[in-house]
Amino acid sequence: MGVKIRRLQAFFAARKYFNIAVRHPYFGEEFMKFLLGLVLTLAMFGAVADEGEVADAALIAELTQYCNDIAEEDGTGGQNLNVFLLECVNNELKSEGYQAIEKI
């Protein structure tokens with residue numbers, strides 16, 4: 001094992017001394033450009049996919065009533081009722097694939 005380590009140390013020392021760059025044929029500049037483009041494309045589509053549909057007013061009213069019933073039965077856990085309702089409605093909307101709302 002010690003011989004392998006010494007050989008690697010010698011290789012890296014020689015590479016640094018002679019300024020030798022080890023290039024891999026698959027990981028050149030063109031591949032890196034392709035990889036960067038792929039990552040950016042996936043990030044863009046991921047951001048678009050997270051948006052979801054906008055919920056209509058009837059669904060929001062129904063979910064608000066549902067969350068209000070939960071607050072009456074189980075309590076709000078010390079939160080303000082409006083904050084609790086907003087969080088509850090947004091959790092339900094997200095679970096059904098809709099966009100979150102900013103106020104009720």
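Miscellaneous remarks
- The number of residues in region 79-104 that are surrounded by fewer than 11 Cβ atoms within 10 Å (Cβ to Cβ) and either within 18 Å of residue 56 (Cβ to Cβ) or in contact with a Leu (Cβ under 7 Å, 6 or more places away or on another chain) (or both) comes to 4.
- Within region 51-78, if we keep just the residues that are surrounded by 12 or more Cβ atoms within 10 Å (Cβ to Cβ) and modelled with pLDDT under 90, the residue that is farthest from the chain's Cα centre (by Cα) turns out to be 76.
- Condition check for residue 13: part of a helix (DSSP H, G or I) and at pLDDT 75 or above: no
- Selected residue [of a type outside the set (Val, Ile, Thr), at negative phi and modelled with pLDDT of 90 or more] from 36, 93: 93
The values are calculated or read from the model by the stated rules, or taken from the named source; none is laboratory data. What you see is a predicted model; the values in this text were computed from it and never measured. Note that each Cβ is placed from the backbone with ideal geometry, even for glycine, and that neighbours are counted across all protein chains shown.
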